[in-house]
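Shown next, in structure tokens, is the structure this report addresses.
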Amino acid sequence: MESAANFSSSYAKAILAATRQTDLAQPDKPKAVHGMTPEQMGRTEREMEALQQEFKRSKPPTATMSCCW
């Protein structure tokens, strides 16, 4: 949220909706986002995972130093 400079409750709810249940601090507690059905949250999770994969593919590889002293 800080890097996006967005601290609204709507943004926080969107992040919660896009977070997999297993990645939550309390994965055994069902998440609930007002106004979203479980199906919509599942779709949002899948869309976020696809975006993360796309981002990883588009990110240039980091250079590693392989120098011996």
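Any read-out appearing in this document is the output of simple, stated calculations on the displayed coordinates, not a laboratory observation. A quick note: this is a predicted structure, and the numbers were derived from the prediction, not measured. Using ideal geometry, Cβ is built from the backbone for each residue, glycine included, and neighbour counts are taken over all protein chains shown.
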Inter-site label distance for Ile15 and Gln52 at 7 Å from Cα along Cβ, in nm = 1.4 nm
query = Cα atoms only, segment 9-58: Rg and Dmax in Å?
reply = 11.4, 35
